[in-house]
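Here the structure is laid out as structure tokens; the discussion comes afterwards.
The values are calculated or read from the model by the stated rules, or taken from the named source; none is laboratory data. Just so you know, these numbers come straight off a predicted model, no measurement behind them. Note that we place each Cβ from the backbone using ideal geometry, even for glycine, and neighbour counts take in every protein chain shown.
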Amino acid sequence: MKKIVYLLILILIISPFILGQEFSKRVKSFTLSNGMRFFVLERHQVPTFAGMIMVKVGSVDEKKGETGIAHFFEHMAFKGTPVIGSKDWEKEKIILKEMDKIGNELAAEYAKGEEADSKKIEILRKKLAELQNKHRKYVVKDEIDKIYSENGGEFLNASTGNDTTQYFVMLPSNRLELWFLIESERFKYPALREFYSERDVVCEERRMYEDNNPDGFLQEEFYHVAFILHPYRHPVVGYLEDLLTLTKKKALNFYKTYYIPNNMVAAIVGDVNFEEVKKLAEEYFGDIPAGPEPPRPHFIEPHQKGERRVIVKFDAEPRLLIGYHIPSWFKRDNIVLELISYILSRGDSSRLRRDLVIDRKMALTVYTSINDPGVRYPSLFTIYCQPRHPHTPEELEKAVYEHLEKLKKEPVSKEEIEKAINQAEASLYRSFGFAENVFLAMRILRNVLLFNDLDADFKRVSEMKKITPQDIMNVARKYFTESNRTVGVLLRKEKAK
């Protein structure tokens, strides 16, 4: 009996590895005539599935003066359609039109900046609030959420990053058609109701995560300095000045430009049948017309010629953020840098954690990130540290540079490289519990949308196995230089006496 139990445990442990090694073979796909691609991974262990739609649009695609619009539209996609979320659309749309008139006037006044008339803004906001109260009686609040919840839905959410926006949910297998119905309807006919109240919600998110959070506060200024031209320099949530001047017309233009089937991919992972998925996809998404290829940023970040520094003050413990410009995800040097990231900060035995956190107790936390803040374009290798009192950011910065210099001068041992590769490989297969289908869907769509290869992440780890100690030394010397470095320091704000 024990042997059978051990065998079952072994199968559960290694089954993700088998899945990963055959990713491209296990995933079936098809493309509709309008260009929308669907990827299906059948997993019949549990009668549920995860549905995800990923759009190739993020903050990197935003126009000047419209920062935050990608994230804001993600919020709007949950506000329903003329049918979903409305008690009487004919009456509701009359009020929406009145609200838009006031909203446009308000945005125009905000756009005047210091010349704006504060009294006029107050009057317009009051008028808008009165219309919002009138509008509420026609709204079924959060009806998309309710429909999914009443049908066993879990993990309903969405996220917007620098590179992509994604929408996902987990449902029982017998609710597959419901998923196709809801997702197609909300992308075909977005009502954009509650536009102005949701804009206020996003403005509050901006204040909470950027203005009133020490890490967000530091990161925003750090990216401003690290990137001179490229749109990776602005925050995903956007600037408050742009959010306040955001209009429904801008949001609709954004939607028409990027939310087109040839710019969207979908993944259905779980207890589903490929042929049924194909039939439903054609039925619910096939009639959406394709659009012209969306514009893409063509900014080439100027070569950095000297160290850049920014110091910010905040009522919090100090932080340190160091960044180096690196080549795109597709370049071999980028793969070497990812291996270096594992060597430096993955696990308690990694170099920076072992030395600065555990042994010398100079830091509360240290971690490195590769391709920060995005992967679609050349980005940064970053090192984040939080000093442990009484140590200072200056001490910690010096200690970090000592480790980077060591990478340049001393070959990394074969054992250390193998350990890092094992960690990278294990990260591909680690189970995500009941939400596993969602994360598999995310991996599938990232691979095909960003890298045009279902097995991109596995091939990357395979390439890591070819890296030599000399490769690591060469890459460290090439990128970890003073002239390629940006440093951000957050210091505690002195309180007034």
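Observations on the structure shown:
- On inspection, VAL312 fails the criterion of being part of a helix (DSSP H, G or I) and touching a strand residue (DSSP E or B) at 6+ places or on another chain (Cβ under 8 Å).
- The set of residues in the range 154-165 being surrounded by fewer than 22 Cβ atoms within 10 Å (Cβ to Cβ) and either among the hydroxyl-bearing types (Ser, Thr, Tyr) or over 8 Å from the mean Cα position of the chain (by Cα) (or both) consists of GLU154, PHE155, LEU156, ASN157, ALA158, SER159.
- Looking only at residues in the range 68-114 that are part of a helix (DSSP H, G or I) and basic (Lys, Arg), the one that is surrounded by the most Cβ atoms within 10 Å (Cβ to Cβ) is LYS93.
- Residues (in a loop (DSSP other than H, G, I, E, B), closer than 23 Å to PHE439 by Cβ and at pLDDT below 90) located in the range 1-44: GLU22
- Long-range neighbours under 6 Å by Cβ, at least six apart or interchain, first residue over 14 Å from MET52 (Cβ atoms) and at pLDDT 90 or above within the range 424-440, second in a helix (DSSP H, G or I) and among the basic types (Lys, Arg): none
- Within the range 272-288, the residues that satisfy the criterion of being crowded, with 18+ Cβ neighbours inside 10 Å and assigned to a loop (DSSP other than H, G, I, E, B) are VAL272, ILE288.
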